[in-house]
Amino acid sequence: MYAFEYHRPSSIKQAASLARKLADAKLIAGGQSLIPALKLRLAKHAALIDLGDLPELRGISAVGANIVIGAMARHAEVAASRDVQLTVPALARLAAGIGDRQVRNQGTLGGALANNDPAADYPAAVLGLGATVTTNKRDIPADKFFTGLCETALKPGEIIASVSFPMAKRAAYVKFHNPASRYALVGVFVSDTAGSVRVAVTGAASCVFRVKEMEKALTSKFAPAAIAGIKVPAEGLNSDIHANAEYRSHLITMLAQRAVETALSGK
């Protein structure tokens, strides 16, 4: 681990100010991705800004037709939240399937989204539900938040405060995970929210993405058979030691059908 300055601000305003002023500073939430990278010297930052003392970034509550989750909410808290279980149960089940117990009790929603790992689960939920990411400066629609490999629309000094998820008529997330890390080789989130169907895929490419052809088919008929013949081209999908692009292409269609079936069953 390389040497760095450590800062623990007492307000989101102070944290944002530090992030703007300090050269090569990095915000840290749960640290489940950053700390291992620092230990292995795969990352080097002059300063770390710890968001752990900011109560305004915590909390989970139902607000109108949405469930609003603070950026510093732990995965385990989202999974155990009665409000989430009642309004968007697919989101609670997704959170319960992230990593292991340590990761779920330390990792945070905001940290996962800001990191935007291509195989992370939460980006699929945010994009698949059409959620809104609220920062200390603005509201960012899900379709404009994820911009590329580990890249987002966040600007310097901008900090995720909360995420607002619309309540879904029916939704489900199904993933084929790496047995060791539990990261998604491919994960598919399907939702039917107020007549708008969305299909979001994580793990298959450099960034989470929607499958518009499947969305159109499911809007006409919300059934697994409606998308059985739709295949996402392998070109541009990830290939690695765990799965090649062709296999990931196959998984997208298979898991999307399972997600629709799960959403229909209400399980």
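Observations
- Estimated FRET transfer efficiency when R0 is 41 angstrom, pair residue 138-residue 225 (beta carbons, to 0.05): 0.50
- Kirkwood Rh (inverse of mean 1/r, distinct Cα pairs), segment 170-265, angstrom: 13.2
- At q = 0.20 Å⁻¹, base-10 log of I(q)/I(0) for segment 41-135 (Debye sum, equal scatterers on each alpha carbon): -1.03
- Segment 229-267 versus segment 190-220: alpha-carbon centroid distance in Å: 12
- Using θ = phi - 60° and Karplus 6.51 cos²θ - 1.76 cosθ + 1.60, couplings along segment 190-201 (whole Hz; Gly, Pro as x): 10, 9, 10, 10, 6, x, 9, 9, 10, 10, 10, 10
- Extension gain, residue 5 back to residue 216 (0.36 nm per residue minus Cα-Cα distance, nm): 70.9 nm
- Using θ = phi - 60° and Karplus 6.51 cos²θ - 1.76 cosθ + 1.60, couplings along segment 40-48 (whole Hz; Gly, Pro as x): 8, 6, 8, 9, 9, 9, 6, 8, 10
- Highest-first packing order for the peptide set 62-71, 251-260, 44-53, 25-34 is 251-260, 25-34, 62-71, 44-53, based on the mean count of other beta carbon atoms within 10 Å.
- For the chain, calculated [θ]222 nm from helices alone, where every DSSP H run of n ≥ 4 adds -39500 (n - 2.57): -9500 deg cm²/dmol
- For the chain: rounded, prolate or oblate by the Cα gyration tensor [a/c cutoff 1.5]: prolate
- Of 169/212; 44/137; 21/44; 169/267; 212/267; 169/231, pairs whose Cα-Cα distance is over 21 Å: 44/137; 212/267; 169/231
Laboratory data are not the source of any read-out in this text; all were calculated from the coordinates shown. Quantities reported herein were computed from a predicted structural model and do not represent experimental measurements. A quick note on method: Cβ atoms are made from the backbone with ideal geometry, for glycine too, and the neighbour counts reach across all protein chains shown.
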